[in-house]
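Structure first, then comments.
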Amino acid sequence: FFFSGLTAMEKKLAEYKCNTNEAIQLKLVRFPEDLEDENTTFNPEYSHQVFGDDEVAFGYKGLKILLYYIAGNLSTLFRIEYTSKVNEKFDCVEADDVESKIREIIPPGFCTNTDDFVSLLEKEVNFKPFGTLLHTYSIHNEEAGEDITYQIYKADMTCPGFREYHERLQTFLMWFIETASFIDVDDERWNYFLVFEKYNKDGATLFATVGYMTVYNYYVYPDKTRPRVSQMLILPPFQGEGHGAQLLETVHRYYMSSPTVLDITAEDPSENYVKLRDFVLVKLCQDLLCFSPVKLMQGFSQEMVTEAQQKLKINKQHTRRVYEILRLRATNMGDAEQSRSYRLDVKRRLIGPYKKKQRELAKMRRCLRPEEMTNQLNQIDLNLQREQLEESFQQLVSDYRRVLERLAQA
């Protein structure tokens with residue numbers, strides 16, 4: 001009897017669990033009607049940093065955590081709705097304090113009711129982008145049947161209102177970057193690059209936030225800096241339209257014009273970021289003389305490293321990838337000799353870390369094991385290594401081909 005009672009109770013409590021990635025509803029609002037429009041809602045990819053690894057909030061049925069932002073200056077509406085909540089008196093359990101968890105990441109000064117939010121929306125016409133305009137571009141929008149104009153600005157904490165705006169903007173990192181953290185904005189070595197869309201409302205031109213990038217300027221002895229890309233986010237409604245490439249290229253061009261910049265790196269880049277960077281860097285490099293087909297066929301050279309660094313602020317490791325991608329384009333993979341030469345060239349680079357590991361293992365085994373054992377193990381290792389190497393190579397080539405396809409369309 002006791003056990004069946006427990007499972008009934010468990011079942012009842014299980015109904016009060018909500019997946020927080022579904023419960024959190026985000027919006028970028030331009031018009032009052034966006035508030036009711038399901039199509040303008042999007043959800044987080046991650047909420048583990050706020051709600052724990054299982055991404056669950058306990059204690060509610062039909063939980064909705066509304067986080068609506070005015071499209072430009074990101075003034076926030078935060079509301080929690082649910083159909084029912086566990087009751088401490090009857091169920092002897094307590095519901096999670098969802099509100100205080102959200103309050104920890106969103107700055108104070110948000111609205112809690114729709115009317116206040118809509119009246120702020122009317123003032124949005126006064127919002128203008130922060131900082132200096134670096135680049136303007138347009139993208140044809142199928143739905144609207146017209147070209148939409150976007151602008152990229154460089155801002156810093158001295159811009160009036162930017163500090164508060166950035167506090168609201170960075171909350172999106174928690175929902176879309178797996179290992180996000182907030183940066184120390186009092187450190188003056190941060191640069192901020194922002195993307196905005198221009199749109200019309202009642203005959204006026206307004207600006208909507210599309211995404212942004214933060215870059216930290218590391219000091220390099222004696223008189224140079226090495227900018228390191230820290231965070232980059234294009235907001236979900238704008239993803240897949242090419243804004244990431246525009247932003248990264250603009251930032252590269254900004255630093256290229258500075259004589260004190262050595263080269264540009266990135267902190268812990270995601271797979272998607274690496275693909276984006278490959279595309280942008282290959283696009284920048286393809287016209288350099290050192291990457292002519294004849295020179296590509298002669299192999300990777302110091303000339304490539306020097307020219308890419310001096311002219312485009314690209315570091316050696318990234319230049320090597322650019323070389324491999326451009327060499328693939330110049331190689332006829334149907335030709336046995338050319339294809340073999342390419343494969344060997346790339347695998348020689350890939351095998352570096354394996355060889356190092358191999359040497360370390362051999363050293364260890366000399367101390368630990370009889371001779372015949374070592375040889376056998378080395379043989380097993382080599383076969384495994386060959387397989388892994390071939391797999392890495394094939395994966396790389398398919399990534400490179402995607403970059404070249406995108407380049408052909410650009």
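Remark: relative contact order (the chain) = 9 percent; criterion is Cα-Cα distance under 8 angstrom and separation of 6 or more residues. Applying the Kirkwood pairwise sum to the alpha-carbon positions of the stretch 130-195 produces a hydrodynamic radius of 13.9 angstrom.
Sequence gap at least 6, Cα distance under 8 Å: using those rules, report the relative contact order of the stretch 148-263 to the nearest whole percent. Write down the numbers at each step before the final one.
Values: 154 pairs, mean separation 25.9, N = 116.
The normalised contact order for the stretch 148-263 reaches 22 percent.
Enter the angle in degrees (range 0 to 90, nearest 10) between the Cα long axis of helix 371-409 and the first principal axis of the Cα atoms of the chain, meaning the one along which they spread out most. In the chain, helix 371-409 runs at an angle near 70 degrees to the longest axis. Spin-label pair K357-V274: with each label point 7 Å from Cα along the Cα-Cβ axis, the two points sit 1.5 nm from one another. Take the Cα of S84, step 7 Å toward its Cβ, do the same at H48, and the gap between the two points is 3.3 nm.
Quick check on the stretch 127-329: what are the equivalent-ellipsoid semi-axes from the Cα gyration tensor, as sqrt(5λ), descending, whole Å?
Details: eigenvalues 190, 92, 46 Å².
So the three semi-axes of the stretch 127-329 are 31, 21, 15 Å.
Compared with the dominant principal axis of the Cα atoms in the chain, helix 271-285 is inclined by about 60°. The separation of the stretch 312-368 from the stretch 86-139, counted between C-alpha centres, amounts to 48 Å.
Accessible surface comparison of W175, W190, probe 1.4 Å, protein chains only, largest first: the order is W190, W175. Taking every protein chain into account, the 1.4 Å probe leaves K12 with about 80 Å² of accessible area, to the nearest ten. Here's the list of aspartates and glutamates a cross-link from K123 could span, going by alpha-carbon distance under 19 Å and ignoring same-chain residues fewer than 8 apart: E33, D34, D115, E164, E197, D202. Distance distribution P(r), the stretch 10-124, all Cα-Cα pairs, bin width 10 angstrom from 0: 13, 42, 31, 12, 2 percent. Largest first, the extents of the alpha carbon coordinates of the stretch 223-304 on the three principal axes equal 44, 34, 22 Å.
Excluding same-chain pairs closer than 8 in sequence, count the lysine pairs in the stretch 127-329 whose Cα atoms lie under 15 Å apart. Don't jump to the answer; show the numbers that get you there.
Details: K128/K154; K128/K198; K128/K201; K224/K313; K275/K283; K283/K311; K283/K313.
Lysine pair count for the stretch 127-329: 7.
Report, for the stretch 127-329, the % of DSSP beta bridges that are antiparallel, rounded to 5. Could you put the intermediate results ahead of the total?
Numbers: 37 of 41 bridges.
Looking only at bridges with both residues in the stretch 127-329, the antiparallel portion is about 90 percent.
Across the chain, Cα-Cα pairs more than 30 Å apart make up 56 percent of the total.
What length, rounded to one decimal in nm, is gained on full extension from S100 through to N200, with 0.36 nm per residue of separation minus their alpha-carbon distance? Before the final figure, lay out the partial values.
Working: separation 100, 0.36 × 100 = 36.00 nm, distance 3.68 nm.
This chain segment gains 32.3 nm when fully extended.
Using a 1.4 angstrom probe with every protein chain in place, what is the largest-first accessible-area order of R327, R401? It would help to have the intermediate numbers written out before the result.
Working: R327 10, R401 105 Å².
Per-residue accessible area, sorted high to low, gives R401, R327.
The values are calculated or read from the model by the stated rules, or taken from the named source; none is laboratory data. Because the structure is predicted, anything quoted here is derived from the model rather than measured. Positions of Cβ are generated from backbone atoms using ideal geometry, with glycine treated the same way; all protein chains shown enter the neighbour counts. Quick note on the areas: whole protein, heavy atoms, side chains included, nothing else; ligands and nucleic acids left out. Shrake-Rupley method; radii C 1.70, N 1.55, O 1.52, S 1.80 Å.
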